[in-house]
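Only one structure is covered here, and it is reproduced in the block below.
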Amino acid sequence: MPCMAHTLQLALKDAMKQSGASSAVNKARNLIHSVRKSSVANEQMIKRCGRTLIRDCPTRWNSTLDMLKRLLETKATLNEVLDELGIDTLLTSDWAKLENQLKVLEPFGMHTDQLQTDSQSLSEVIPSLLNLEAHLQSTSGEKNLAQALLKCLRQRFTCLLDPISDQFDPVPAAACLMDPTVSLTLQSPELISLKRTAELFVLTEAAKHNHTIEAQQDESTQTVAVSANITVLQKYKYLANKINSLNPENQPWPSESAPLEMQKYQEEVRLGDFTGNPLQFWQARVAVYPKLSPVALDLVCAPASQAFVERIFSVCGQLSSGLRNRMTTSLEHRVFLKINRKMYN
């Protein structure tokens, strides 16, 4: 499964190239470069508004959004400084275009920040994508950029949103379904096929889990029969495996109680108002939903992206560089302290 935050940023880059929106961004980038290169302009900006312009970085997520935000926030002061120094500013049409682009891109920055945290569950991926789709469909300004973003978003995430796709993966939809805080997002009529696919996946996994437990419980009573079968077919182990796999008694079909638990859970979600931790919800209802709760706990605790893990790798690389070879024995402790420094600051 791809990193959701990274894939979202790839969709953004594709759309910026296709829509022609990069022309206004390039003009803004060149202006910022000219201002930052001038020590006088930088000094005047800091003196008048306490801030200076910032540049974006191709490898840092949301940096272009942050660059445009700072540029538009300091627009009045910047134009005053540029006028005094005799430097040309952007055209009125370019400023208007940047403002419209910022309105389109801001929700992408918000969801990227959310998806790359270590506390964001995989269940939040589908609602985030659906929310971005709704935002782009309701956008009135920058239609070309909005349409390009919508197209690229659907292309990049077709494996999560389209059950007909050959690469479709039902795990994020199933996680969304089993998270009571966001499960209602799948109740929309156009998402009925996605919801049914998620339900089938959860029921199948629940059946496998319960079949394994029942098999372990019955193992002691079937020892004689099993040993006899092994003795008869031990020379034909591949054929024996095939016969066992085709035996209806060995197939993990959903038990009658699992669909009933699914109906009961969905009814509880429709009638309730859950805003807490989904893990706590399922931990408190293990006795109520004994068939579904093991699968639900596995799904909702999965992270939304690999960004946090990659940050840990980066910290490990910095702390184990050639200048600190004597400290490698305490690397795990130092990484733990650095990652959790907000807890004790």
Output the residues belonging to the range 15-25 that are surrounded by 20 or more Cβ atoms within 10 Å (Cβ to Cβ) and hydroxyl-bearing (Ser, Thr, Tyr). SER19
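Yes/no matrix, rows are residues, columns are (1) in contact with a helix residue (DSSP H, G or I) (Cβ under 6 Å, 6 or more places away or on another chain); (2) modelled with pLDDT of 90 or more:
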site: GLU80; (1), (2): no, yes
site: GLU84; (1), (2): no, yes
site: THR92; (1), (2): no, yes
site: LEU98; (1), (2): yes, yes
site: PRO107; (1), (2): yes, yes
site: ASP118; (1), (2): yes, no
site: SER121; (1), (2): yes, no
site: PRO127; (1), (2): yes, yes
Residue by residue through the range 147-166, note down the ones that are open to solvent by less than 20 Å² (accessible area, probe 1.4 Å) and either under 16 Å from LEU194 (Cβ atoms) or without any contact (Cβ under 8 Å) to a residue 24 or more places away in the chain (or both). LEU153, PHE157, LEU160
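Conditions (1) β-branched (Val, Ile, Thr); (2) without any contact (Cβ under 8 Å) to a residue 24 or more places away in the chain; (3) open to solvent by 50 Å² or more (accessible area, probe 1.4 Å), marked per residue:
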residue: MET1; (1), (2), (3): no, no, yes
residue: GLN9; (1), (2), (3): no, no, no
residue: LYS13; (1), (2), (3): no, yes, yes
residue: LYS27; (1), (2), (3): no, no, yes
residue: LYS37; (1), (2), (3): no, yes, yes
residue: ASN42; (1), (2), (3): no, yes, no
residue: THR52; (1), (2), (3): yes, yes, no
residue: ASP56; (1), (2), (3): no, no, no
residue: SER63; (1), (2), (3): no, yes, no
Any residue in the range 180-194 that is touching a residue at least 12 places away in the same chain (Cβ under 8 Å) sitting within a Cβ distance under 7 Å of a residue that is assigned to a helix (DSSP H, G or I) and polar (S, T, N, Q)? List the pairs, counting only those 6 or more apart or interchain. VAL182/SER123
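Against the condition modelled with pLDDT of 55 or more, farther than 17 Å from SER123 by Cα and surrounded by fewer than 11 Cβ atoms within 10 Å (Cβ to Cβ), how does GLU249 come out, does it pass? First the steps, then the outcome.
Numbers: modelled with pLDDT of 55 or more: no; farther than 17 Å from SER123 by Cα: yes; surrounded by fewer than 11 Cβ atoms within 10 Å (Cβ to Cβ): yes.
Taking the combined requirement at face value, the residue does not satisfy it.
Matching residues to (1) free of Cβ contacts under 8 Å to residues at least 24 places away in the same chain; (2) among the polar types (S, T, N, Q); (3) over 29 Å from GLU190 (Cα atoms); (4) not in a loop (DSSP other than H, G, I, E, B):
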site: GLU80; (1), (2), (3), (4): no, no, yes, yes
site: ASP88; (1), (2), (3), (4): yes, no, yes, no
site: GLU99; (1), (2), (3), (4): no, no, yes, yes
site: LYS103; (1), (2), (3), (4): no, no, no, yes
site: PRO107; (1), (2), (3), (4): no, no, no, yes
site: THR117; (1), (2), (3), (4): no, yes, yes, no
site: GLU124; (1), (2), (3), (4): no, no, no, yes
site: ALA134; (1), (2), (3), (4): yes, no, no, yes
If I go through the range 45-96 residue by residue, how many of them are closer than 30 Å to THR112 by Cα and either touching a His at 6+ places or on another chain (Cβ under 6 Å) or acidic (Asp, Glu) (or both)? 4
Checking the conditions here, which among THR185, THR181 is open to solvent by 20 Å² or more (accessible area, probe 1.4 Å), in a helix (DSSP H, G or I) and closer than 17 Å to SER128 by Cβ? THR185
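Within the range 294-305, how many residues are surrounded by fewer than 22 Cβ atoms within 10 Å (Cβ to Cβ) and either of a type in the set (Gly, Ala, Ser) or more than 20 Å from GLN120 (Cβ to Cβ) (or both)?
The initial filter retains those residues of the range 294-305 that are surrounded by fewer than 22 Cβ atoms within 10 Å (Cβ to Cβ), namely 294, 297-298, 301-303.
This time we only want the ones that are either of a type in the set (Gly, Ala, Ser) or more than 20 Å from GLN120 (Cβ to Cβ) (or both), so: 294, 302.
Qualifying residue count, the range 294-305: 2.
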Would you please name the residue that is least open to solvent (accessible area, probe 1.4 Å), looking only at residues in the range 259-283 that are in contact with a Ser or Thr (Cβ under 9 Å, 6 or more places away or on another chain) and aliphatic (A, V, I, L, M)? VAL269
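Return yes or no: is PHE308 modelled with pLDDT of 65 or more, open to solvent by 100 Å² or more (accessible area, probe 1.4 Å) and closer than 30 Å to GLN9 by Cβ?
Numbers: modelled with pLDDT of 65 or more: yes; open to solvent by 100 Å² or more (accessible area, probe 1.4 Å): no; closer than 30 Å to GLN9 by Cβ: yes.
No.
The values are calculated or read from the model by the stated rules, or taken from the named source; none is laboratory data. Just so it is clear, the model here is predicted, and its values are computed rather than measured. Neighbour counts are summed over all protein chains in view; Cβ atoms, including those assigned to glycine, are modelled from backbone coordinates with ideal geometry. With ligands, DNA and RNA removed, areas are computed over all heavy atoms of the protein, side chains included. Shrake-Rupley method; radii C 1.70, N 1.55, O 1.52, S 1.80 Å.
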